[in-house]
Amino acid sequence: MEANRRKTGKYIAFAVILIIAAAAFLYFTGQFGVSVTDIESDARKNQKIDKSWTMASSSGECAAAMLFYDEILGEYKTSIYADPDNRPFGWFFISGGCTNDENEGIVEYSIANCSEKAYMSMNLQRISLLVIENGQGIREIELDPERPFVRVLPEDTTKVTFYNEKHNPVKVLAREIG
């Protein structure tokens, strides 16, 4: 009886060690991401973004985008997270920083392995309208021309057009990431 208990104890110890090793492997190979509720705090912490900065954000099924900016719209940082493979362990940082492209106009981010696209702008061009076509119809979204914006649009979007306050279309800069 004592021999069986020792044998069972060894099996249990081996199983526990195996589980710990598997979890460590998954952790160190980047298989654990951030929960959707912790994306903002993760971005602020890892990119050293001041808590006083305002955030514009949008998310979809596999992409989440954030644009952090100061009160006078002088400085900003972007942060894009994705879960392109629908992993069960969270969202992953894909890209971020400040390239000045968002000051120049609207940037469309295409994310590898994700059919959604993220659009970001500091809105210095005073964009007031977003028109989305998806093959089934047209949807119009009014935007505040005085505020930066972020929009993550679904995969069924076939055409996207932004208009400024004078109803002129505004050029979109395309960037691929991930």
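Could you work out how far the C-alpha centroid of the range 123-159 sits from that of the range 64-113, in angstrom?
Cα centroid of the range 123-159 versus Cα centroid of the range 64-113: 17 Å apart.
Looking at the square roots a ≥ b ≥ c of the eigenvalues of the Cα gyration tensor of the range 36-177, which shape do they give, rounded for a/c under 1.5, prolate if a/b is larger than b/c, or oblate?
Values: a/c = 2.01, a/b = 1.13, b/c = 1.78.
It comes out oblate by the Cα gyration axes.
Of the listed pairs K48/K166; K117/K166; K45/K117; K48/K159; K45/K166, which have alpha-carbon separations greater than 32 Å here?
On the way: K48/K166 37 Å; K117/K166 26 Å; K45/K117 25 Å; K48/K159 35 Å; K45/K166 39 Å.
Violating the 32 Å Cα-Cα cut-off are K48/K166; K48/K159; K45/K166.
Coordinate-derived values only; no laboratory data. Model, not experiment: these values are computed from the prediction.
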